[in-house]
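Each remark here refers to the structure printed beneath this line.
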Amino acid sequence: MNAPQRKIIHVDCDCFYAAIEMRDDPCLRDVPLAVGGRPETRGVVATCNYIARRYGVHSAMSSARALRLCPELVILPPDMARYRLASQQIMAIYQRYTDVIEPLSLDEAYLDVTGQPHEQGSATLMAEAIRRQIREEVGITASAGIAPNKFLAKVASDWNKPDGQFLIRPRDIDAFVVTLPVEKIHGVGRVTAERLHRLGIRSCGDLRRWSPADLFRHFGSFGERLLALAEGRDERPVSTDRSRKTISVEETYAQDLPDLASCLAKLPELGDRLQARLARSGSPAFKGLSVKLKFDDFSQTTVEQPGYGLSMAAFGQLLRTGYARGARPVRLLGVGVKLADDFDLPRQLRLFGRDGQPLPDSAPAGEESPPAEPA
């Protein structure tokens, strides 16, 4: 017997932090508003309302630049306690419809509602009910995407923002994805998008004209993933495992690091801080290393490689690879590890020394990791 067609809902609250602030202070509803750090401390916008967006303000922009674009912008510091309380209320609403929930952040989650009896089994009606209850009980709006898989549901939730929803039926997938820009593909950041554009690939339809072998030649194993998503295929389940996936440390510098040498000089301090965080977490096993850079123009990149041991030499090589992508002053530098689960841990650990730890991996620096998307 064939498995039932999956029904996935992706719910994303509209400008979440700013929405909470406007809910609690009605005077803020008609002014351009951002939540983030102060410009004098090199703060960054976490999110902003739609009035501010009309001026070109957006998440991850420096607060100083946001104020230049919109001198009337009101910038408030984040109040995480209130945001977490609202998030708990929203999570309780999700749980009325399914136990299969994958939170992505305080205000965003995937829900697998396959086979659920609510609203006559209609995922569209469930999404409408969830959004209505968030509006009535939490006092903010949310948008939703409904589709047969996670990739399409996330794309769909952005289609009718704010306070809307969009449905992609199985029969609509092919027509929908063929014109979709490659920037919408999960895992395609600025660097990968530029590489695709240089190859003449700007849409999923363009990608589908390439053979798997040619995509592998240019993008390695990620090429297979690119082709699957360009065809609207995504078999990832909605995961209820909320265990931590990464541990990292990062630093935003008061003065930009002017060159590669100055970045390399900061690595030992970051490495010590990372080692201390790992120790506080019980020295968990991990399967990969990463380095993150944010340049002075606010572009950023992350480079990863497999590895089961901390190695400053490996971090240094990742840093060199990442720096070459921008080759300009750096305002933020971070190092991290990707945590392993039982299936990732190396077997035959005794072969690697009496302490059971394998030697540092020396694999070449990897490809850009999937970016976090602002709310």
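Data table
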quantity: Residue check for residue 264: under 22 Å from residue 58 (Cα atoms) and free of Cβ contacts under 8 Å to residues at least 60 places away in the same chain; calculated: no
quantity: Residue, modelled with the lowest pLDDT, within the stretch 23-53, restricted to residues that are in contact with a Gly (Cβ under 9 Å, 6 or more places away or on another chain) and under 22 Å from residue 86 (Cα atoms); calculated: 37
quantity: Pick from the stretch 158-184, criterion among the polar types (S, T, N, Q) and under 15 Å from residue 144 (Cβ atoms), ranking: modelled with the highest pLDDT; calculated: 165
quantity: Residue within the stretch 253-270 that is hydrophobic (A, V, I, L, M, F, W, C), over 26 Å from residue 316 (Cβ atoms), in contact with a helix residue (DSSP H, G or I) (Cβ under 8 Å, 6 or more places away or on another chain) and open to solvent by less than 30 Å² (accessible area, probe 1.4 Å) present; calculated: no
quantity: Filtered residues of the stretch 278-312 (kept if within 15 Å of residue 334 (Cα to Cα) and open to solvent by 70 Å² or more (accessible area, probe 1.4 Å)); calculated: 300, 312
quantity: In the stretch 1-14, residue nearest to residue 159 (Cα to Cα) [restricted to those that are in contact with a Ser or Thr (Cβ under 8 Å, 6 or more places away or on another chain) and open to solvent by 10 Å² or more (accessible area, probe 1.4 Å)]; calculated: 12
quantity: Residues satisfying the stated conditions in the stretch 64-110, i.e. in contact (Cβ under 8 Å) with a residue 24 or more places away in the chain, of a type in the set (A, V, I, L, M, F, W, C) and under 29 Å from residue 27 (Cβ atoms); calculated: 64, 66, 67, 70, 73, 74, 75, 76, 86, 90, 93, 106
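The values are calculated or read from the model by the stated rules, or taken from the named source; none is laboratory data. Note that the coordinates shown come from a computational prediction; the quantities given were computed from them, not determined experimentally. Ideal geometry is used to build each Cβ from the backbone, glycine not excepted, and the neighbour counts take in all protein chains shown. Ligands, DNA and RNA are excluded from the accessible area calculation, which covers all protein heavy atoms including side chains. Shrake-Rupley method; radii C 1.70, N 1.55, O 1.52, S 1.80 Å.
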